[in-house]
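One structure is given below, encoded as structure tokens.
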Amino acid sequence: MLKDRLFSLLSKYNLRVKDSLGQNFLIVPDIIEKAIEVGEVSERDIILEVGPGLGFLTDELAKRARKVYAIEVDKRIIEILKKEYNWKNVEIIQGDAVKIEWPEFNKVISNLPYQISSPFTFKLLKTEFERAVLMYQLEFAQRMIAKPGSRNYSRLSLMIQALADVKIVMKIGKGAFYPRPKVDSALVLLKLKPKNERIYLHEGLVNALFQHKRKLVGKALRESAYILGMDKRVLKNIKVPYSNKRVYQLTPQEVKDIEEFLKGKGIIGENS
Ligand code: SAM
């Protein structure tokens, strides 16, 4: 039982878990198996894992992958991993996964600390990878998959779906972790779209639009003109595409069309 093993490690090393580091350990072997199955992990894979914790997922990855890089911020945990395991193909890297440079990998499998969900995901989308199987807070995962026009559709949904295909593999209750988190979770599969289908959006424009996501496009742009360093009077006499739509109804391609239109008029420059 993973729960018994967890309790014995916590007591052996007198380790107090840190809520601030999202230390909620996964104690259900079937979920670890599912993550590995969905990740299609094989001996040709180089896996990046963020936050190995007490090594339960890492250990299973090490048995099946060629190499595992495990980035962990908590030095106390790294000491425990070094004493408890004798992995030959795991390299533990001490540091903050959002800040440090990553080694080369082709897949990511992680039970993420939820406080880094957003910066970690945006950093991941800037690298090449085959697939990522990641545990997120359920509410965050629902925003990742939300479709244009739906209640949960946000800047996050748009930016992710412009570059990747994303789906919720399974929802996971609080009881699958120790200590129990306050929120439900979801295992998510993320795959980059083929290069010719990816839409790289102007982040400044997306931020400006989504400051007013319930407003009509034209009005949202005028009200956020200052974010783009524009004079809102410039926008008054031009008809921006999709100006009869509300911001939260725009697809990534429609935002790209607006971007091209504004660039064509010399109103915005290259990505900010
Ligand atoms: N993988 C383990 C499991 O499934 O039981 C632990 C997952 S726990 C949700 C998150 C882990 O990420 C903890 O070990 C925590 O110390 C680590 N962590 C928190 N913030 C981090 C960061 N910025 N960079 C790297 N690791 C981090």
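Of the residues that make up the stretch 4-20, is at least one hydrophobic (A, V, I, L, M, F, W, C) and exposed (fewer than 15 other Cβ atoms within 10 Å of the Cβ)?
Within the stretch 4-20, one or more residues are hydrophobic (A, V, I, L, M, F, W, C) and exposed (fewer than 15 other Cβ atoms within 10 Å of the Cβ).
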Tell me the residue from Ile116, Ile172, Ile109, Ile168 that is hydrophobic (A, V, I, L, M, F, W, C) and free of Cβ contacts under 8 Å to residues at least 60 places away in the same chain, please. Ile168
Matching residues in the stretch 143-178 - criterion: being more than 30 Å from Met1 (Cβ to Cβ) and part of a strand (DSSP E or B): Ala164, Asp165, Val166, Lys167
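Read the figures in this text as sums done on the coordinates, not as results from a lab. Here the structure is a predicted model, which is why all the values come from computation and not from measurement. Virtual Cβ from ideal backbone geometry, glycine too; neighbours counted across all protein chains shown.
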